[in-house]
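Asks: Have a look at this one.
The values are calculated or read from the model by the stated rules, or taken from the named source; none is laboratory data. Computed from a predicted structure; not experimentally measured. Here the Cβ positions follow ideal geometry from the backbone for every residue, glycine too, while neighbour counts run over all protein chains shown. Note: areas computed on protein heavy atoms with side chains; ligands, DNA, RNA excluded. Shrake-Rupley method; radii C 1.70, N 1.55, O 1.52, S 1.80 Å.
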Amino acid sequence: MKRILSLTAMFVALSYAPPASAELKIGGETSVRLRDDFGHTTTYGVKTSTTDQYFQYRLRLKPSADLGDGYFFKALVQNENAAGGWQGLYANNTEQYSLQVSQFYFGSNNETSHWALGRIPLGSLDNPILDLTLYAIPGPGPLSTAATSAGSTPKLYAVDTPVSTNHFDRLLGINYGIKLGDGELNAVLVNFDNASTTTDDKGLLNDGYGLTAIYKATVGDVTIAPQAYVTLTHLADNRAPYSFGAQAFIPVGKSKATLSGFYTADKNTYRGSSYNYSGYIFRLKGESGPVLAWIDYNKTTDNLNSKNYNNTFVWAQYKLSVHESATGNFSLTPTVRYRASRENNTVGTIDNDLLRTELYATVTF
């Protein structure tokens with residue numbers, strides 16, 4: 001709590017800077033949610049089940065500043081000690097809630113181009129290309145430390161929005177966009193890690209670098225967005241995947257449908273690590289007023305280890321607006337999430353399913 005008050009005092013002090021300084025504006029949101037988990041794992045015919053109900057809360061602060069002539073600064077301050085920034089409860093509420101600078105970036109916008117530099121947001125909740133790239137083969141994420149009832153480390157799946165939830169939807173990099181023809185081209189150069197300290201094959205540029213590019217153009221009422229990602233060096237686990245595909249945004253009256261399809265592969269040998277896999281993900285998403293829903297399907301074939309993975313994911317929610325004003329709003333959002341995952345290997349089949357029902361109470365300001 002002291003840390004929160006200190007950060008708030010800092011932002012308030014900055015907002016009263018001399019007139020020659022940029023005005024710092026602070027918005028944000030705070031939420032409390034009730035979640036019920038129903039998990040089922042069947043390992044070679046042996047089934048285990050888990051159930052759990054728990055409350056979580058989250059606070060996000062969003063400072064921003066208009067520097068004039070198109071230049072800007074933006075940031076996101078939130079808790080990063082748990083997935084999605086959601087804090088659980090300890091005995092007698094003894095948990096400590098800390099805030100960190102999750103995103104910060106500055107840049108410039110004009111009529112023909114824009115750029116941003118810093119820890120930039122990725123928009124991965126609406127675009128699964130990096131989810132597939134990093135988790136085509138399900139694996140433990142950066143915050144996966146607790147064991148499941150079966151004694152294994154929790155896995156992240158390409159269909160379960162891992163980049164947004166577990167990687168906090170940001171990477172250090174630079175984004176540049178320019179109007180090109182009838183559309184806009186955006187390219188993002190990102191630094192995944194500084195894990196390498198050797199210079200045996202890439203010289204100084206031997207850490208985890210990646211490049212993604214997307215081109216958006218409108219054909220009639222439909223917006224088409226082909227996109228590609230390539231690993232320029234190697235990631236921290238010595239992988240070097242590439243991905244490509246496209247999205248289509250289709251208006252349907254006052255509603256909108258989005259189609260997404262991406263393919264990924266990694267077939268390389270590097271420093272004793274070998275990879276030979278490929279996979280794809282498809283998403284059908286619909287938005288209509290307060291209703292939002294989508295379904296994902298992912299399949300990956302791991303040729304090196306004689307395994308394949310089939311994952312399906314459904315997200316559905318309804319946002320009920322309780323109060324709206326020019327300065328903020330309060331809403332309730334019941335949500336259902338369901339993931340069905342299957343691994344086929346030389347021994348047999350492993351199923352891992354998870355149903356989550358949630359109720360969010362959110363205030364934005």
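Asks: Could you run through the range 287-314 and say how many residues are over 18 Å from residue 240 (Cα atoms) and open to solvent by less than 30 Å² (accessible area, probe 1.4 Å)?
Replies: Step one: filter the range 287-314 for residues over 18 Å from residue 240 (Cα atoms), giving 287-299, 306-314.
Still in the list and also open to solvent by less than 30 Å² (accessible area, probe 1.4 Å): 294, 296, 298, 309, 311, 313.
Of the residues in that region, 6 qualify.
Asks: List the residue pairs whose Cβ atoms are under 6 Å apart, where the first residue sits in the range 298-317 and is in contact (Cβ under 8 Å) with a residue 40 or more places away in the chain, the second is among the acidic types (Asp, Glu) and assigned to a strand (DSSP E or B), and the two are 6 or more positions apart or on different chains.
Replies: As it stands, the answer is 309/343; 313/296, since those pairs meet every condition given.
Asks: Return a yes/no flag: does the range 25-43 have any residue that is open to solvent by 20 Å² or more (accessible area, probe 1.4 Å), closer than 27 Å to residue 180 by Cβ and modelled with pLDDT of 95 or more.
Replies: no
Asks: Going by what's in this entry, would residue 318 be described as farther than 19 Å from residue 154 by Cα, hydroxyl-bearing (Ser, Thr, Tyr), modelled with pLDDT of 95 or more and within 21 Å of the chain's Cα centre (by Cα)? I'd like the intermediate steps shown before the answer.
Replies: Numbers: farther than 19 Å from residue 154 by Cα: yes; hydroxyl-bearing (Ser, Thr, Tyr): yes; modelled with pLDDT of 95 or more: yes; within 21 Å of the chain's Cα centre (by Cα): yes.
The answer is yes for residue 318.
Asks: Which condition from (1) open to solvent by less than 20 Å² (accessible area, probe 1.4 Å); (2) at pLDDT below 95 is the one that residue 163 breaks?
Replies: It fails just one condition, (2).
Asks: If you don't mind, another one. Would you confirm whether or not the range 196-206 contains a residue that is in a strand (DSSP E or B) and open to solvent by 30 Å² or more (accessible area, probe 1.4 Å)?
Replies: We begin by selecting, within the range 196-206, every residue in a strand (DSSP E or B); these are none.
No, because not a single residue in the range 196-206 is in a strand (DSSP E or B) and open to solvent by 30 Å² or more (accessible area, probe 1.4 Å).
Asks: Taking the condition open to solvent by less than 60 Å² (accessible area, probe 1.4 Å), in a strand (DSSP E or B) and hydrophobic (A, V, I, L, M, F, W, C), does residue 213 pass?
Replies: On the way: open to solvent by less than 60 Å² (accessible area, probe 1.4 Å): yes; in a strand (DSSP E or B): yes; hydrophobic (A, V, I, L, M, F, W, C): yes.
Considered against the rule, which asks whether it is open to solvent by less than 60 Å² (accessible area, probe 1.4 Å), in a strand (DSSP E or B) and hydrophobic (A, V, I, L, M, F, W, C), residue 213 comes out as yes.
Asks: To continue, here is another question. Which one is least open to solvent (accessible area, probe 1.4 Å), of the residues in the range 243-260 that are of a type outside the set (A, V, I, L, M, F, W, C) and free of Cβ contacts under 8 Å to residues at least 40 places away in the same chain? Even if it seems obvious, please write down each step before you answer.
Replies: First pass over the range 243-260, keeping only residues of a type outside the set (A, V, I, L, M, F, W, C): 243, 245, 247, 251, 253-256, 258, 260.
Filter once more, keeping what is free of Cβ contacts under 8 Å to residues at least 40 places away in the same chain: 251, 253-256.
Numbers: 251: 65, 253: 77, 254: 206, 255: 35, 256: 87 Å².
Among them, the one singled out is 255.
Asks: Do you know which residues across the range 59-87 are open to solvent by 20 Å² or more (accessible area, probe 1.4 Å), within 18 Å of residue 167 (Cα to Cα) and not basic (Lys, Arg)?
Replies: Those that are open to solvent by 20 Å² or more (accessible area, probe 1.4 Å), within 18 Å of residue 167 (Cα to Cα) and not basic (Lys, Arg): 59, 80, 81, 82, 83.
Asks: Considering only residues that are of a type in the set (Ser, Thr, Tyr) and open to solvent by less than 30 Å² (accessible area, probe 1.4 Å), which ones fall in the range 315-359? Lay out the reasoning, then the answer.
Replies: Taking the range 315-359 first, the residues of a type in the set (Ser, Thr, Tyr) are 318, 321, 325, 327, 331, 333, 335, 338, 341, 346, 349, 357.
Of everything in the range 315-359, those that are of a type in the set (Ser, Thr, Tyr) and open to solvent by less than 30 Å² (accessible area, probe 1.4 Å) turn out to be 331, 333, 335, 341.
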